[in-house]
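Everything below concerns the one structure shown next.
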Amino acid sequence: YLSLGNEVKVFVATGPGEGEHPLWGLETWEVVRAEFKSAMSVLGVTGYSFANLPAACLDHTAIWKINEVIGQELDSFKPDILFIPFLFDLHGDHTRIAYASQVLSRPYLDGAGAAISEVYYYETMSETNLYPAYLSPGFQPNVYFDITQHLEKKLKAFECYKSQQQRKNQPRSIEGLKALSRYRGTFINVEAAEAFVVNRIVNK
């Protein structure tokens, strides 16, 4: 979307939260957010913002608070296209952020939701499609974007996340990301692609 001249904003909903985080100290967040900013620079994204919902703790966070944070961001940026985590990811934070995003982006409500014409779920390699199919709906893409010309830039951006990378035989690795991009590309006869599931498309 950025290469087509569209304004893009990335919203990071979670962080250390209020007070001491039970899992990671403030230095961890300083590292991760610095890596994020480096990755955005590689991609050419200048629009981004951070909220401070406690990461990995959203199962203990009131849903009204999550809704409030997501709602404030949608009201501020007023997007017309929204990309959100897959609702049935293994990661509980993804589930709650996706749910809140859907609540706040309902097209029949006044406000930000009415302006959003397209909503897509994206896949996260280390979190998506880990439930057995008989327990939870799987990620079955029905929209593909050709990223052949952008794959190397995407890989360079991911290289910025040194603290988040796994070994090369694991999903959250350079090799894993490249393999998934190549695999998704085979569905549309291109060298590399990203795949999404449509939540909704509104044509007016």
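Values as computed for the structure displayed
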read-out: Equivalent ellipsoid semi-axes - Cα gyration tensor, the stretch 57-139, angstrom; value: 24, 15, 10
read-out: Backbone HN-Hα couplings from phi across the stretch 74-91 [Karplus 6.51/-1.76/1.60, Hz, Gly and Pro as x]; value: 5, 5, 6, 8, 6, x, 9, 10, 10, 10, 10, x, 5, 4, 10, 5, 5, 5
read-out: Difference of contour (0.36 nm per residue) and Cα-Cα distance, Q164 to F145; value: 4.3 nm
read-out: Over the chain: helical MRE at 222 nm, DSSP H runs n ≥ 4 each giving -39500 (n - 2.57), nearest 500; value: -11000 deg cm²/dmol
read-out: Amide H partners (placed H, <5 Å) of F83, local residues excluded; value: Y120
read-out: Sequence of D59, D89 from largest to smallest accessible area, 1.4 Å probe; value: D59, D89
read-out: For the stretch 23-34, Karplus couplings with θ = phi - 60° (6.51, -1.76, 1.60), whole Hz, Gly/Pro x; value: 10, 9, x, 4, 5, 4, 5, 4, 5, 5, 6, 5
read-out: Surrounding net charge for K168, when Lys and Arg each add one and Asp and Glu each subtract one, Cβ distance under 11 Å; value: +2
read-out: Cα-projected label distance for A114 with N52, points at 7 Å along beta-carbon direction, nm; value: 3.3
read-out: 5 angstrom amide H check on R200, placed H, neighbours 5+ away; value: V119
read-out: Residues of type lysines that K153 reaches as a straight line, Cα spacing below 28 Å, ignoring anything fewer than 8 places off in the same chain; value: K9, K37, K78, K162, K168, K178
read-out: R172-D75 pseudo-label distance in nm [points 7 Å out on the Cα-to-Cβ vector]; value: 3.2
read-out: Linear extension gain, E191 paired with V42, 0.36 nm per residue minus alpha-carbon span; value: 51.5 nm
read-out: Pair S126, R33: separation of 7 Å Cα→Cβ label points (nm); value: 2.0
read-out: Only Lys, Arg (+1) and Asp, Glu (-1) charged, at Cβ; the stretch 67-140 dipole about Cα centre in debye; value: 160
read-out: Debye log10 I(q)/I(0) for the stretch 14-118, one point scatterer per Cα, at q = 0.11 Å⁻¹; value: -0.38
read-out: Calculated FRET efficiency for the pair W24/R182, C-beta based, R₀ 45 Å, to 0.05; value: 0.85
read-out: Summed side-chain charge close to S49 - residues other than S49 whose Cβ falls under 9 Å, Lys, Arg +1, Asp, Glu -1; value: 0
read-out: Carbon and sulfur %, accessible surface of the stretch 104-147 computed with the full protein complex present, 1.4 Å; value: 53
read-out: Per residue value of the accessible surface for the stretch 86-155 (all protein chains in place, 1.4 Å probe), Å²; value: 53
read-out: Computed lengthening from N6 to H60, 0.36 nm per intervening residue step minus Cα-Cα distance; value: 15.8 nm
read-out: Vicinal HN-Hα couplings computed from phi for the stretch 53-70 (Karplus, 6.51 cos²θ - 1.76 cosθ + 1.60; Hz; Gly/Pro x); value: 5, x, 4, 6, 10, 6, 5, 10, 9, 4, 4, 5, 6, 4, 4, 4, 5, 5
read-out: Listed values [x] 0.94; [y] 0.97; [z] 1.08, entry calculated as Rg/Rh (Cα atoms, Kirkwood Rh); value: [x]
read-out: Net charge contributed by nearby residues that have their C-beta within less than 12 Å of F158 (K/R +1, D/E -1); value: +2
read-out: Surface accessible to a 1.4 Å probe, I201 within the full protein complex, Å²; value: 90
read-out: Two-decimal ratio, the stretch 102-195, of alpha-carbon radius of gyration to 2.2 N^0.38 Å; value: 1.30
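The values are calculated or read from the model by the stated rules, or taken from the named source; none is laboratory data. The shown structure was predicted, so the numbers you read here are calculated from the model rather than taken from an experiment. With ideal geometry, Cβ positions are generated from the backbone for all residues, glycine too; neighbour counts draw on all protein chains shown. Side chains included, ligands, DNA and RNA excluded: accessible areas come from the protein's heavy atoms. Shrake-Rupley method; radii C 1.70, N 1.55, O 1.52, S 1.80 Å.
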